[in-house]
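Below is one structure, written out as structure tokens, with a few remarks after it.
The values are calculated or read from the model by the stated rules, or taken from the named source; none is laboratory data. Predicted, not measured: the structure shown is a model, and the values here were computed from it. Because the Cβ atoms are built from the backbone with ideal geometry, glycine has one as well, and the counts that use them run over all protein chains shown. Ligands, DNA and RNA are excluded from the accessible area calculation, which covers all protein heavy atoms including side chains. Shrake-Rupley method; radii C 1.70, N 1.55, O 1.52, S 1.80 Å.
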Amino acid sequence: ETSSKEEMLPQLIAQSIALCDRDLQADMRSAVVLAGGTTMLPGFCARVKEELVKLFPDDNNLHVIPGPNPTGTSERGYNSQRKHAAWIGGSMFASLDTFDQVRVLKQEWEDDEHIIHRKAF
């Protein structure tokens with residue numbers, strides 16, 4: 001059992017959609033995009049969709065990406081880069097000229113772990 005402060009991911013998704021303009025909510029439900037390494041766990045995306053269907057029982061257009069499409073195949077294009085997406089994004093970020101202003105060196109972190117708040121925000 002979770003407390004009210006510990007919402008599950010499907011509930012957080014539903015709350016986020018509810019915060020959107022009412023005219024956009026149907027579009028948001030039709031394109032729920034899950035990203036990150038954890039989404040690659042077997043059954044994760046299917047479970048999120050199953051829980052969202054319970055939260056939006058009248059929405060026949062609910063679609064979770066990635067996930068099986070009606071033909072049973074994976075989403076084209078999206079899954080081909082998923083495994084390495086975080087590394088690719090990190091390498092792109094590190095190649096920016098502004099990266100030197102926000103990077104935290106090991107010695108800086110060891111001296112003061114709160115430096116991340118000063119450099120990143």
**OP:** Just tell me which lysines come within less than 21 Å, Cα to Cα, of K49; anything on the same chain fewer than 8 places away is out.
**Re:** K83
Original post:
Ignoring any ligand, DNA or RNA, what whole percent of the accessible area of the range 1-65 comes from carbon and sulfur when the probe is 1.4 angstrom?
Top reply: 54 percent
**OP:** With a Förster radius of 22 Å, plug the Cβ-Cβ distance of N61 and A18 into 1/(1 + (r/R0)^6) and report the FRET value to the nearest 0.05.
**Re:** 0.85
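Order of 9-16, 21-28, 94-101 by packing, highest average Cβ count within 10 Å first? Don't skip to the answer; put the middle values down first.
Working: 9-16: 15.1, 21-28: 11.0, 94-101: 8.6.
So the order, starting with the most tightly packed, is 9-16, 21-28, 94-101.
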Subject >> By accessible area with a 1.4 Å probe, ligands and nucleic acids excluded, highest first: order of E51, E7, E110 >> reply: E110, E7, E51
**OP:** Can you spot the lysines whose alpha carbon is less than 22 Å from K54's alpha carbon? Ignore those fewer than 8 places along the same chain.
**Re:** K5
